[in-house]
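Chemist: There's a structure below that I have some questions on.
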Amino acid sequence: MSQRRTLVLVTKRSQNHRPDFLRIRRYLKEIASDVEPVVMADRHHNMLRPGLWLRPTLFFSPCRMRKFRPVRGRLFHCIQLRKSEEYLALERHGIPVPRWTLLTETHRPKLEDFGEYVVSKPDRGSLGAEVKIRRRSRVRWKRPENPLARNCSDQVVQEFIYTGPWPSSYRVATLFGKCLWSWKVEADHGRRPFFVDP
C-alpha cells in the first residue's frame, strides 16, 4: 500500500482563492487516493497543525507567503521579481525579449540603437502601472509614483515594437514552466490612435 502524502494549498487572506482551492481539493480527492489535499490560510498558527508533520508534505501558494512557514516538506510559492530579473531569466533560457536596459537616478544609458520610440516602465511594478510609450529623446529618470515600486526606483527602458494604431500586448500565466492560459490586451479604441512611420 502506498504511503499517503499531503498537498497543502495556502491562500492569501486578502484574495479570494479559497473557493477555487476547495474545488481543486474536491477534484484531487477524486483522482488521487494517496494524496490528502488541505486548504489553509497564510496564518502563523497554522504551523501548529500536527497533521502536517506526520507524512510527506508539499506546500503550494500562488502568492508569496508572509506568515505561514512550514516546519518540514517542500514549499513552492510566488517570489515577485523585478522586470529586469524576469528578462534576465528569460534570456538565460533562450526566450527572446525586446532589447532593454536599466535607467537609474545616476545612470542614463545610450538609447541610439533603440529606435525613435521606446517603452519605459518601473523595474518593480504590476498591472501596467506607469508603462509608457515615449520618444527616445524624452526619456528621463523619474521616481515611480506607484506604491508597488516599493524601494526600487529604477526604470526599464525597452525597444518599442509597433503593434498597430492601438498598442497591444499579451499576458501569459505559467505554472512550473507550463503555459496555463494567455490573453491579449489592447488599448481602448476610444483613444486617439498611435501611428508610427515605417
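No lab work stands behind these numbers, since they all come straight from the coordinates. All figures in this text were calculated on a predicted structure; none of them were measured in a lab. Backbone-built Cβ (ideal geometry, glycine too); neighbour counts: all protein chains shown.
Chemist: If you restrict to DSSP beta bridges whose two residues both lie in the chain, what percentage is antiparallel, to the nearest 5? List each step's numbers first, then the result.
Modeler: Values: 21 of 36 bridges.
Here the antiparallel bridges make up roughly 60 percent for the chain.
Chemist: Okay, moving on. Hey, can you grab everything whose amide H is under 5 Å from the amide H of ASP154? Only 5+ residues off in sequence or another chain; H modelled, so Pro and N-termini drop out.
Modeler: ASP123
Chemist: Given Cα positions, please report Rg to Rh for region 39-179, the hydrodynamic radius being the Kirkwood one. Working shown, then result.
Modeler: Values: Rg = 19.7 Å, Rh = 18.0 Å.
Across region 39-179, the Cα-based Rg/Rh ratio is 1.09.
Chemist: Just to confirm the filter: which GluC sites (Glu not before Pro) across region 54-103 are DSSP coil and have at most 14 other Cβ within 10 angstrom of their Cβ? Mind showing how you got there, number by number?
Modeler: Details: sites: GLU85, GLU86, GLU91; in loops: none.
The qualifying sites: there are none.
Chemist: Given a cut-off of under 8 Å on Cα pairs at least six residues apart, what relative contact order in percent is computed for region 83-161? Don't skip to the end; give the middle numbers.
Modeler: Numbers: 131 pairs, mean separation 31.5, N = 79.
The normalised contact order for region 83-161 reaches 40 percent.
Chemist: Loop-only chymotrypsin sites (Phe, Trp or Tyr not before Pro) in region 117-182, please: DSSP not H, G, I, E or B, and at most 11 other Cβ atoms within 10 Å. Write down the numbers at each step before the final one.
Modeler: Working: sites: TYR117, TRP141, PHE160, TYR162, TYR170, PHE176, TRP181; in loops: TRP141, PHE160, TYR162, PHE176.
Hits after loop and neighbour filter: PHE176.
Chemist: With +1 on the Cβ of every Lys and Arg and -1 on the Cβ of every Asp and Glu, and nothing else charged, how large is the dipole of the chain about its Cα centre, in debye rounded to the nearest 20? Each step should come with its number before you reach the end.
Modeler: Details: 40 positive and 20 negative charges, 193 e Å.
Dipole magnitude for the chain comes out near 920 debye.
Chemist: Just going by the charge dipole of the chain, with Lys and Arg at +1 and Asp and Glu at -1 on Cβ, which of HIS77, SER182, CYS152 is farthest out on the positive end?
Modeler: Going by the Cα projections, it comes out as HIS77.
Chemist: Now a separate question. With θ taken as phi - 60° and the coefficients 6.51, -1.76 and 1.60, list the Karplus ³J(HN,Hα) couplings across region 61-69 in order, rounded to whole Hz; mark glycine and proline as x.
Modeler: Using θ = phi - 60°, the values come out as 9, x, 10, 5, 7, 9, 10, 6, 10 Hz.
Chemist: Before anything else, pin down the relative contact order of the chain: Cα pairs under 8 Å, at least 6 apart, normalised by residue count, whole percent.
Modeler: Numbers: 306 pairs, mean separation 28.4, N = 198.
After rounding, I find 14 percent.
Chemist: Then there's this: Could you state the angle between the C-alpha long axis of helix 83-92 and the longest principal axis of the C-alpha atoms of the chain, as a value from 0 to 90 degrees rounded to the nearest 10?
Modeler: 80 degrees
Chemist: Additional query: Counting other Cβ atoms within 10 Å of each Cβ, which GluC sites (Glu not before Pro) in region 134-198 have at most 13 and sit in a DSSP loop?
Modeler: Numbers: sites: GLU145, GLU159, GLU186; in loops: GLU145.
Sparse-neighbourhood loop GluC sites (Glu not before Pro): GLU145.
Chemist: Mind checking which of HIS93, HIS77, HIS44 has the largest fluctuation in a GNM of the chain, springs on alpha carbons under 10 Å?
Modeler: Residue with maximal mean-square fluctuation among HIS93, HIS77, HIS44: HIS93.
Chemist: Using the Karplus curve 6.51 cos²θ - 1.76 cosθ + 1.60 with θ = phi - 60°, what ³J(HN,Hα) values do you get for each residue of region 137-146, in whole Hz, with x for Gly and Pro?
Modeler: Once θ is set to phi - 60°, the couplings for region 137-146 become 5, 9, 6, 9, 6, 8, 4, x, 8, 6 Hz.
Chemist: Taking amide hydrogens as modeled 1.01 Å from N in the peptide plane, which residues meet the under 5 Å criterion relative to THR11, leaving out close sequence neighbours?
Modeler: MET40, ALA41, ASP42
Chemist: Right, another one. Against the longest principal axis of the chain, how steep is helix 18-31, in degrees 0 to 90 to the nearest 10, with axes from Cα atoms?
Modeler: For 18-31 against the chain, the angle is about 50 degrees.
Chemist: Hey, fewest Cβ within 10 Å first, where do VAL185, VAL8, VAL35 land in order? Present the calculation step by step, with values, prior to reporting the outcome.
Modeler: Values: VAL185 10, VAL8 22, VAL35 18.
The fewest-first ordering by Cβ neighbours comes to VAL185, VAL35, VAL8.
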